[in-house]
Amino acid sequence: MAAPNIETIVSLSKRRGFVFPASDIYGGLGSSWDYGPLGVELANNIKQSWWRWLVYERDDIEGLDSSIIQNRQVWKYSGHEQTFHDPLVDCRTCKERFRLDKLQDVRCGNNPALHPGEDRQCSLTKAREFNLMFKTTVGAVSADDDPNALAYLRPETAQGIFINFANVLNTSRRKLPFGIAQIGKAFRNEVTPGNFIFRTREFEQMEMEYFVRPEDAPRVHQEWIDGFLAWIRSLGISEDNLKLYEQTREELAHYSERTVDILYRYFPEREDDEKQWDELMGIANRTDYDLRVHSKKPENEEGKRLNPDSTEDLSYFDDATKQRFYPYVIEPAIGVNRTLLAVMMDAYSEKTNDKGETRVILKLTPELAPIKVAVLPLAKNKPEIVEMAKNIKRDLQPSMRAVYDDTGGIGKLYARQDEIGTPFCVTVDHESLMDNAVTVRDRDTWEQERISVSVLKEYLSECLKS
Ligand code: GAP
């Protein structure tokens with residue numbers, strides 16, 4: 001089973017410390033969220049899984065961490081100043097503002113039973129373009145609108161990779177094909193953010209730009225689509241809740257020749273199957289668009305340089321063919337926050353105990369679980385048991401994330417760990433003092449096994465591998 005809706009995850013997240021509304025004590029800030037003690041661990045584990053899979057387990061990808069604030073020219077030549085817009089309409093009656101292409105996803109302020117424009121009293125203005133980039137000023141400037149100080153918070157991490165193409169190529173001595181991977185924050189002044197952490201104005205991306213010979217791009221594109229489907233499945237997400245979507249010509253971003261999205265079933269409660277799905281990630285063939293637009297050499301028909309501000313040519317010289325060209329780029333781009341939401345929704349399950357009570361179990365894979373093992377004393381008023389449990393926790397901690405908890409009865413403690421996805425609980429009881437063994441309880445089956453403390457670490461390490 002998976003979560004019946006996003007609301008279930010919102011409530012679990014708040015109750016157990018995964019995600020909190022940001023600025024809550026001041027009334028919040030529309031669609032901003034803070035990641036709590038468990039949320040930050042889960043997000044870190046997702047990022048580590050991605051990084052390990054791409055940068056460590058393959059031999060053809062390097063890492064990068066570029067600046068959030070770059071020279072404004074980056075966004076001029078990338079096309080974002082010109083084209084990174086959403087079409088926006090205002091309702092003259094209810095005074096609300098909507099994205100023209102998302103009217104079907106929102107409700108009319110006059111009549112919440114209808115979509116904007118469906119109510120006869122609702123009068124929408126003509127659409128106008130709204131640039132999604134957040135503006136800021138750099139340095140101590142006299143006026144906030146000083147064009148010389150204008151800068152943007154990056155709306156995608158990708159451009160930081162393109163403008164560092166030559167740096168990485170030259171320092172790592174790479175040959176095509178190779179990739180550059182980056183994880184970091186991106187910012188978009190979304191017109192209609194919402195659905196919890198699905199669409200926010202500040203979010204985190206994991207993007208990889210894979211540089212290839214132009215003729216190899218279609219084949220490599222397909223390989224990355226298959227590769228990412230497999231990686232997403234390795235996070236514990238069921239195949240039934242994933243599907244591919246081929247973007248239409250009209251939907252393609254200005255730089256893309258072909259983009260395939262991987263959709264997740266974020267809205268299982270909706271009757272219409274088509275409306276249950278939304279984008280988890282996109283895998284684009286960006287052609288040679290970005291390397292070309294940031295290069296100083298390309299010229300138009302009149303022999304005029306297309307980019308007079310760049311000091312670098314981002315072309316590639318192929319030693320074998322003695323040819324110089326701009327590599328094509330295949331870009332798998334995925335949001336950390338959307339991945340975390342999909343992972344939590346898919347891991348959500350309920351189970352009834354012998355007393356007929358319903359318990360929540362978050363069946364996270366051991367790799368992603370924020371806590372791998374909880375060590376629990378059966379009697380917290382018995383100092384020898386407490387000491388033994390704390391020693392076991394300390395002994396396990398260097399090898400796996402372990403916690404000690406004595407803040408409730410054993411039934412409550414088990415229920416809490418099940419709900420946050422801890423794969424194993426280790427219970428220290430009176431007998432443990434005699435036989436130097438503990439009870440290991442499995443989160444999913446609730447089965448218990450007696451294990452000697454002398455082999456506990458190896459035993460748990462082995463179980464956590466599966
Ligand atoms: N460099 C390409 C790029 O940025 P995108 O489809 O606009 O492509 C990539 O973004 C991924 O980033 C999306 O598939 C989604 O997972 C995530 N993302 C985009 N906008 C987001 C937002 N407002 N809130 C949360 N995640 C977002």
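Select the helices (runs of 4 or more DSSP H) contained entirely in region 362-466, then report the ones holding at least 1 residues which are touching a residue at least 24 places away in the same chain (Cβ under 8 Å) and within 30 Å of the chain's Cα centre (by Cα).
Helices (runs of 4 or more DSSP H) meeting the threshold: 383-396, 410-420, 456-465.
Given the conditions (1) buried (at least 16 other Cβ atoms within 10 Å of the Cβ); (2) in contact (Cβ under 8 Å) with a residue 24 or more places away in the chain; (3) touching a Leu at 6+ places or on another chain (Cβ under 7 Å), which single one is not true for C108?
(2)
Which of the residues that make up region 116-136 are closer than 16 Å to Q73 by Cβ and either without any contact (Cβ under 8 Å) to a residue 40 or more places away in the chain or hydroxyl-bearing (S, T, Y) (or both)?
Answer for region 116-136, where residues must be closer than 16 Å to Q73 by Cβ and either without any contact (Cβ under 8 Å) to a residue 40 or more places away in the chain or hydroxyl-bearing (S, T, Y) (or both): K135, T136.
Being touching a residue at least 24 places away in the same chain (Cβ under 8 Å) and in a strand (DSSP E or B) is the filter; apply it to region 311-327 and report the residue that is surrounded by the fewest Cβ atoms within 10 Å (Cβ to Cβ).
Looking at the filtered set, the residue picked out is D318.
Can you confirm whether region 80-103 contains a residue that is closer than 30 Å to D309 by Cβ and among the charged types (D, E, K, R)?
Yes, that holds for at least one residue.
For the structure I just gave you, tell me whether E271 is part of a loop (DSSP other than H, G, I, E, B) and under 20 Å from the mean Cα position of the chain (by Cα).
When the stated conditions are applied, E271 does not pass them.
Within region 289-310, track down each residue that is within 16 Å of the ligand (Cβ to nearest atom) and either open to solvent by 30 Å² or more (accessible area, probe 1.4 Å) or of a type in the set (F, W, Y) (or both).
Answer for region 289-310, where residues must be within 16 Å of the ligand (Cβ to nearest atom) and either open to solvent by 30 Å² or more (accessible area, probe 1.4 Å) or of a type in the set (F, W, Y) (or both): Y289, V293.
Among the residues of region 239-259, is there at least one that is within 30 Å of N164 (Cα to Cα) and open to solvent by less than 20 Å² (accessible area, probe 1.4 Å)?
yes
Return yes or no: is E209 closer than 25 Å to K135 by Cβ and open to solvent by less than 40 Å² (accessible area, probe 1.4 Å)?
So E209 fails the test.
I'd like to verify a number: residues in region 256-288 that are of a type in the set (D, E), in contact (Cβ under 8 Å) with a residue 40 or more places away in the chain and within 11 Å of the ligand (Cβ to nearest atom), how many?
The number of residues fulfilling the criteria is 2.
Can you tell me how many residues within region 266-288 are of a type in the set (D, E, K, R) and either over 26 Å from I6 (Cβ atoms) or surrounded by 22 or more Cβ atoms within 10 Å (Cβ to Cβ) (or both)?
Total satisfying the criteria: 2.
So that you can scan it fast, the table gives a plain yes or no per residue for (1) under 22 Å from N285 (Cα atoms); (2) in a loop (DSSP other than H, G, I, E, B):
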{"residue": "A151", "(1), (2)": "no, no"}
{"residue": "I161", "(1), (2)": "yes, no"}
{"residue": "T171", "(1), (2)": "no, no"}
{"residue": "N189", "(1), (2)": "no, yes"}
{"residue": "H221", "(1), (2)": "yes, no"}
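Here's the yes/no breakdown for (1) at pLDDT below 95; (2) more than 18 Å from the chain's Cα centre (by Cα); (3) open to solvent by less than 60 Å² (accessible area, probe 1.4 Å):
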{"residue": "A2", "(1), (2), (3)": "no, yes, yes"}
{"residue": "N5", "(1), (2), (3)": "no, yes, yes"}
{"residue": "L12", "(1), (2), (3)": "no, yes, yes"}
{"residue": "Y35", "(1), (2), (3)": "no, no, no"}
{"residue": "N45", "(1), (2), (3)": "no, no, yes"}
{"residue": "W50", "(1), (2), (3)": "no, no, yes"}
{"residue": "E57", "(1), (2), (3)": "no, yes, no"}
{"residue": "E62", "(1), (2), (3)": "no, yes, yes"}
{"residue": "G79", "(1), (2), (3)": "no, yes, yes"}
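Residues of region 152-168 being of a type in the set (A, V, I, L, M, F, W, C) and crowded, with 20+ Cβ neighbours inside 10 Å, which ones?
Answer for region 152-168, where residues must be of a type in the set (A, V, I, L, M, F, W, C) and crowded, with 20+ Cβ neighbours inside 10 Å: A158, I161, F162, I163, F165.
Determine whether A333 is open to solvent by 10 Å² or more (accessible area, probe 1.4 Å), within 16 Å of the ligand (Cβ to nearest atom) and under 30 Å from Q276 (Cβ atoms).
Answer is yes for this residue.
Based on what the data block shows, is N170 modelled with pLDDT of 95 or more and at positive phi?
So N170 does not fit the description; no.
How do the strands (runs of 3 or more DSSP E) wholly within region 50-129 filter down when requiring 2 or more residues that are of a type in the set (K, R): which remain? Break it down into steps so the answer makes sense when it comes.
On the way: elements: 61-64, 85-90, 97-99.
Correct list: 97-99.
State the number of residues belonging to region 191-204 that are open to solvent by 20 Å² or more (accessible area, probe 1.4 Å), in contact with a Lys or Arg (Cβ under 7 Å, 6 or more places away or on another chain) and part of a loop (DSSP other than H, G, I, E, B).
Count: 4.
The values are calculated or read from the model by the stated rules, or taken from the named source; none is laboratory data. Being a predicted model, the structure only gives us computed values, none of them experimental. Using ideal geometry, Cβ is built from the backbone for each residue, glycine included, and neighbour counts are taken over all protein chains shown. All accessible areas refer to the heavy atoms of the entire protein, side chains included, with ligands and DNA or RNA removed. Shrake-Rupley method; radii C 1.70, N 1.55, O 1.52, S 1.80 Å.
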